[in-house]
Amino acid sequence: MRIPCPLCGPRDRREFTYYGSDDYLNRPSPDAGEAAWDDHLHLRANPAGETHDLWYHEAGCAQWLRVHRNTVSHEIYGAELVAGRKGDAQ
Amino acid sequence: MGRHMRYSGLKVFTEGLFGNKGWKPAWRTPAPKPEYDAIIIGGGGHGLSTAYYLAKNHGLRNIAVLEKGYLGGGNVGRNTTIVRANYFLPGNSEFYSHSLKLWENLESELNYNVMHSQRGQLILAHSDGQRDALARRGNAIVNQGDDAELWSLDQVRDFAPYLDYEQTRFPIYGGLMQWRAGTARHDAVAWGYARGADRFGVDLIQNCEVTGIDIQNGRVTGVQTTRGPIKAKKVGMVVAGRSSQVAAMAGMRLPIESHVLQAFVTEGLKPVIDSVISFGMGHFYISQSDKGGLVFGGDLDFYASYAARGNLPMLEHVMEAAMTLMPMIGRAKILRGWGGIMDMTPDGSPIIDKTPVEGLFVDAGWNYGGFKATPASGWCMAHLMATGESHEVARRFRLDRFRTGHVIDEEGTGSQHNLH
């Protein structure tokens, strides 16, 4: 499996560390309450098919990527830098 | 019960004399009825054992098991068949202890040969710290009422002389042996429970995929299926590997991420590995099947996946671990590799609980541990569905324990789905 890093080009999966669903990007406010934090940290849509998740290019550019891929076929549609996302306040 | 055939050595003998013409199908193939008292979604090991114990222990008779494919076609047919009860934490400890006791009586209970073989499991230690941890774990196992022996290096060497004791990177310091652990014939466990449930009148309905869960005023009223709607006031979701998809039909998000776990088998060899052996410095465990194949597995591929096959990096890791532990394995040829889809929870422990929907129950999140849990999972899920109360040994397997902080993190690796 190769992931197309926007900075480094297509790289072997072994260069990356997987974190999890891109739900992790939508961090609730500290006082959002138990349910919102439970949802953020633990509960997942966990789709069988297309998904977006977070990969760290540890052995490359050391950037976090949001990867668009398929959990059934392992096909990868694309990847974007988490740092470069539009409308991301953080 | 007159139409049911009891299996025995005498029966095998007499059937052999008369051309084996007297064998009958082990279960019926009924059409779904419009309504049942209880529906189990999922005809795998846990779903079938749930149906069996609902009938056997709680007297329910009007039960259906709905399976989208064929019985036992999921993870119960894709595991490495290991049965053990060597957990440490309260919650897991009493549950797996209960499960092992059920295993020990399973064949006479079901009148079915599940080839349960208590050949022992040896976990290896490769440092002083690891040996201390095994001593602590062993004491916990003895305290829960099960068996464990802390072995010295010499004892390990006598038992398994083929391990690589000379290599400097991961020297072997000793091990923890549980003699009552072992293996079982995985498909036979599903078939045995299926036949047992059928004898109590449970309808096992295959090629019947659930496409919707009907809920009115917060209560479950039935399911929609590819073979029409079926009503029921109690529905159990027992579909590890697809838990998130089925729960989504009830509007729920579960604390589960699906990962693929690979396993491999070599060509058949003469008897060489007596027990289950677990490497302590990499995720690698091995046993020898009764056909002679060396069956072994490794760790997750570490990223969410529903592909029932793995990728090469983890295959490479497993082969490296195998060669590190027992160099002789390099002479064997790998026949097959496959993957199973694991329901990974944020603490590595399972869920047997009610849901926010009245009458809808969930049995999920079995991580790598589902096969050995098959009897107790069904036992406890049946208890929950019949009585509305958690069984004593499964009361910590709560759906909301991540929110409340009552996690059961056996490996102590933290609250992330792929770290367990």
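Details
- With respect to the conditions (1) touching a strand residue (DSSP E or B) at 6+ places or on another chain (Cβ under 8 Å); (2) surrounded by 18 or more Cβ atoms within 10 Å (Cβ to Cβ); (3) more than 14 Å from every other protein chain (Cβ to nearest Cβ); (4) not in a loop (DSSP other than H, G, I, E, B), B:ARG336 lacks only one, and its number is (2).
- Criterion: touching an Asp or Glu at 6+ places or on another chain (Cβ under 6 Å) and assigned to a strand (DSSP E or B) - qualifying residue of B:GLY298, B:GLY222: B:GLY222
- In the set A:ALA59, A:ALA48, A:ALA32, A:ALA79, only one residue is within 12 Å of chain B (Cβ to nearest Cβ) and among the small types (Gly, Ala, Ser); that residue is A:ALA48.
- Index of the failed condition, A:ARG14 passing every other in (1) more than 11 Å from chain B (Cβ to nearest Cβ); (2) in a helix (DSSP H, G or I): (1)
- Selection status of A:ASP31, loosely packed, with under 13 Cβ neighbours inside 10 Å, at pLDDT 95 or above and either charged (D, E, K, R) or not in a loop (DSSP other than H, G, I, E, B) (or both): yes
- Whichever residue in segment B:128-154 is part of a loop (DSSP other than H, G, I, E, B) and free of Cβ contacts under 8 Å to residues at least 60 places away in the same chain and, among such residues, is nearest to B:ALA394 (Cα to Cα): B:GLN144
- With respect to being modelled with pLDDT under 95 and crowded, with 17+ Cβ neighbours inside 10 Å, B:LEU300 fits the description.
- Selection status of B:ALA190, out of contact with any helix residue (DSSP H, G or I) (no Cβ under 9 Å at 6 or more places or on another chain) and surrounded by 19 or more Cβ atoms within 10 Å (Cβ to Cβ): no
- Lone unmet requirement of (1) farther than 30 Å from B:VAL265 by Cβ; (2) modelled with pLDDT of 95 or more for B:LYS333: (1)
- Filtered residue count, segment B:341-397, keeping only those that are in a loop (DSSP other than H, G, I, E, B), among the small types (Gly, Ala, Ser) and under 17 Å from B:GLY72 (Cα atoms): 3
- Close pairs from segment B:219-236: first farther than 15 Å from B:VAL357 by Cα, partner outside any loop (DSSP other than H, G, I, E, B) and polar (S, T, N, Q), Cβ under 9 Å, at least 6 apart: B:GLN224/B:THR211; B:THR225/B:THR211; B:THR226/B:THR211; B:ILE230/B:GLN224; B:LYS231/B:THR221
- Those residues of segment B:284-322 which are in contact with a Gly (Cβ under 7 Å, 6 or more places away or on another chain) and more than 14 Å from chain A (Cβ to nearest Cβ), in sequence order: B:PHE284, B:TYR285, B:LYS291, B:GLY292, B:GLY293, B:VAL318, B:ALA321
- Candidate set: segment B:400-420, residues that are facing another protein chain (nearest Cβ under 10 Å) and in a loop (DSSP other than H, G, I, E, B); chosen: the one farthest from the chain's Cα centre (by Cα): B:GLY405
- Residues of segment A:62-75 that turn out to be out of contact with any Ser or Thr (no Cβ under 6 Å at 6 or more places or on another chain) and within 11 Å of chain B (Cβ to nearest Cβ), as a count: 7
- Of all residues making up segment B:235-276, the number that are over 18 Å from the mean Cα position of the chain (by Cα) and more than 21 Å from A:ALA35 (Cβ to Cβ): 15
- Of the residues in segment A:80-89, none is under 24 Å from B:MET314 (Cβ atoms), in a strand (DSSP E or B) and in contact with a Lys or Arg (Cβ under 7 Å, 6 or more places away or on another chain).
- In the condition set (1) touching a residue at least 40 places away in the same chain (Cβ under 8 Å); (2) under 13 Å from the mean Cα position of the chain (by Cα), A:ASP23 is compliant with all but (1).
- The residue list B:MET249, B:MET281 contains one member that is over 28 Å from B:SER117 (Cβ atoms), surrounded by fewer than 20 Cβ atoms within 10 Å (Cβ to Cβ), away from chain A (no Cβ under 12 Å) and out of contact with any Pro (no Cβ under 7 Å at 6 or more places or on another chain), which is B:MET249.
- Test: B:THR387 is over 29 Å from B:VAL276 (Cβ atoms), more than 14 Å from chain A (Cβ to nearest Cβ) and among the polar types (S, T, N, Q): yes
- The one condition in (1) touching a residue at least 40 places away in the same chain (Cβ under 8 Å); (2) away from every other protein chain (no Cβ under 14 Å) that B:VAL260 fails to fulfil: (2)
- Residues located in segment A:1-28, provided they are surrounded by fewer than 15 Cβ atoms within 10 Å (Cβ to Cβ) and under 20 Å from B:LEU254 (Cα atoms): A:ASN26, A:ARG27, A:PRO28
- Within segment B:225-266, considering residues that are among the charged types (D, E, K, R) and in a loop (DSSP other than H, G, I, E, B), the one farthest from B:MET381 (Cα to Cα): B:ARG227
The values are calculated or read from the model by the stated rules, or taken from the named source; none is laboratory data. All values derive from a computational prediction rather than experimental measurement. With ideal geometry, Cβ positions are generated from the backbone for all residues, glycine too; neighbour counts draw on all protein chains shown.
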